[in-house]
Amino acid sequence: MTLHAELPVAPGPNATLNDWLAHCERIHPTTIDMGLDRVRQVADRMGLGPKLNATLVTVAGTNGKGSTCAMLEVIYGEAGYRTGVYTSPHLVHFEERCRLLGEPVNTEQLIAAFAHVESARNQIDDENQVAISLSYFEFTTLAIVQVLNQSNLDVIILEVGLGGRLDAVNLWDADCAVITSIDIDHTEFLGPDRESIGFEKAGIMRSGTPVVLSDPAVPQSVLNRASELGAEVWRVGHDFHFSGDKQQWGWASTPERGGRRYSGLAYPALRGANQLLNASGVLAVLEVLRPSLPVTAQAIRTGLSLVDWPGRFQIVPGQPTLVLDVAHNPHSVAALTVNLDAMGYFPTTHAVVGAMADKDLDAMLSRVAPLIDRWYFTDLPTARAATAADLVQRLKRVNLGKAVVAEAFATPQQALDAAVGAADPTDRIVVFGSFYTVGGVLINGTPRLSSKHSVP
């Protein structure tokens, strides 16, 4: 692929955000295009150098990135700092990807930033005779970071989109890097095993800069790269520890890392078996950055109690109970399975599922299948998705010929409606498999279910 290409005409001065997003989807030949050369050129033209105008935390990993970002955001906010966060993808509205002071970014700010990116990539000089092509993710990342960098913030938190080393977010040098759990995902881009994937994630580290590793079984490739760079490693189980019972938990760093302790902490408001691990990594980040961003114990306690991150083992009370989880690979589905199993007894569990075709679908389905009684598979509005009909057939193969109750639907909402229609008030419905699946049932707000069987 060439570095430059002839590109479509940009939206006009009265363009909407949707107009700009559609433009971003048209201007590059591939959806995912790993590499930093093109996006770095445009960033340089925009004045977005390697250091941003705030303390920067960059978060990579297979699972737990979003939860980590959310906890950091709310704790620093409770401590009185001005926060900005970039995460992806969104569930319903694009503006969810960028939050300023805890709130979604203003649409007009985004539109102005998009226009700035467009102008920068279209600058013609002796070296560049045509516009520089950017992928959707690259274009939108530049726009969002531009907004964050101009918003007079104290701390910016950036979530890596894919991998780390060649992800657009890696243009900027973090003051503290975080690598959460690492597992097999996106193998066509990141490699076939945890060691290969770990190497890509390790690309966000910088020489002499702290990195928090919150994966208790971190790949050796990450440790090797940290050693090569001389990064300051904070590793769970080595440099900091956590423990807990059913009521509370505690955290402590080793004497070599300052020996700070927190005891009697309430569990994070985010549900799920892995959230304590994510929270432990968050407290390590707070310690790393304490010299420049001191945080009180009260801010930590309050922040953990208030943190909210939709679609991450989100339990919505109702009849039946609704569980929303963006689990979309075998590792996160395994965690979802553990969490579902710990919820207690439900007569019947209904599953609304849509997923990308490039995932390890057999592993995902087989891990959660023992807990599911009825399946409602859905098509999703992207070419990457597996069809509902294909998912039905996969389930039959995974179940080795055992009888399954499974139907196919055109949309997540139709699948959810069917599940509600079949469910008793004491049942539960779990929606998982993709951001598109969860987003598809949240598009009109959080559903409050009332089974037809519960109506007198």
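For the condition surrounded by 15 or more Cβ atoms within 10 Å (Cβ to Cβ), in the same structural domain as Asp183 (by TED's automatic domain parsing) and in a loop (DSSP other than H, G, I, E, B), Leu56 does not qualify. Among the residues of segment 255-268, none qualifies, meaning not one is touching a residue at least 12 places away in the same chain (Cβ under 8 Å), in contact with a Pro (Cβ under 8 Å, 6 or more places away or on another chain) and of a type in the set (A, V, I, L, M).
Checking each residue in segment 336-346 for being touching a Ser or Thr at 6+ places or on another chain (Cβ under 9 Å) and within 20 Å of Asn278 (Cβ to Cβ) picks out Leu340, Met343. Of the strands (runs of 3 or more DSSP E) contained entirely in segment 318-391, those carrying at least 1 residues that are aromatic (Phe, Trp, Tyr), surrounded by 18 or more Cβ atoms within 10 Å (Cβ to Cβ) and modelled with pLDDT of 95 or more fall at 374-378.
The set of residues in segment 73-128 that are under 18 Å from Val42 (Cβ atoms) and in a helix (DSSP H, G or I) comprises Leu110, Ile111, Ala112, Ala113, Phe114, Ala115, His116, Val117, Glu118, Ser119, Ala120, Arg121. Can you say whether His350 is under 30 Å from Pro104 (Cα atoms) and outside the structural domain of Gly80 (by TED's automatic domain parsing), as far as the supplied structure shows? No: the conditions fail for His350.
Does Val74 count as free of Cβ contacts under 8 Å to residues at least 60 places away in the same chain, surrounded by 15 or more Cβ atoms within 10 Å (Cβ to Cβ) and β-branched (Val, Ile, Thr)? Spell out how you get there, then give the answer.
Numbers: free of Cβ contacts under 8 Å to residues at least 60 places away in the same chain: no; surrounded by 15 or more Cβ atoms within 10 Å (Cβ to Cβ): yes; β-branched (Val, Ile, Thr): yes.
The answer is no for Val74.
Can you spot a residue in segment 304-316 that is among the β-branched types (Val, Ile, Thr), at pLDDT 95 or above and within 27 Å of Ala70 (Cα to Cα)? Among the residues of segment 304-316, not one is among the β-branched types (Val, Ile, Thr), at pLDDT 95 or above and within 27 Å of Ala70 (Cα to Cα), which makes the answer no.
Just for helices (runs of 4 or more DSSP H) wholly inside segment 194-291: which have at least 2 residues that are of a type in the set (D, E, K, R) and assigned by TED's automatic domain parsing to the domain that holds Ala70? Let's see the steps before the verdict.
Details: elements: 194-201, 220-229, 275-288.
In segment 194-291, the matching helices (runs of 4 or more DSSP H) lie at 194-201, 220-229.
Is at least one residue of segment 260-277 buried (at least 18 other Cβ atoms within 10 Å of the Cβ), within 14 Å of Gly61 (Cα to Cα) and of a type outside the set (S, T, N, Q)? Within segment 260-277 (the criterion being buried (at least 18 other Cβ atoms within 10 Å of the Cβ), within 14 Å of Gly61 (Cα to Cα) and of a type outside the set (S, T, N, Q)), the answer is yes, since at least one residue qualifies.
Taken as a whole, segment 399-409 holds at least one residue that is of a type in the set (Phe, Trp, Tyr) and part of a strand (DSSP E or B).
The values are calculated or read from the model by the stated rules, or taken from the named source; none is laboratory data. The structure presented is a predicted model; accordingly, all values stated were derived computationally and were not measured. Glycine also receives a Cβ, built like all others from the backbone with ideal geometry; neighbour counts cover every protein chain displayed.
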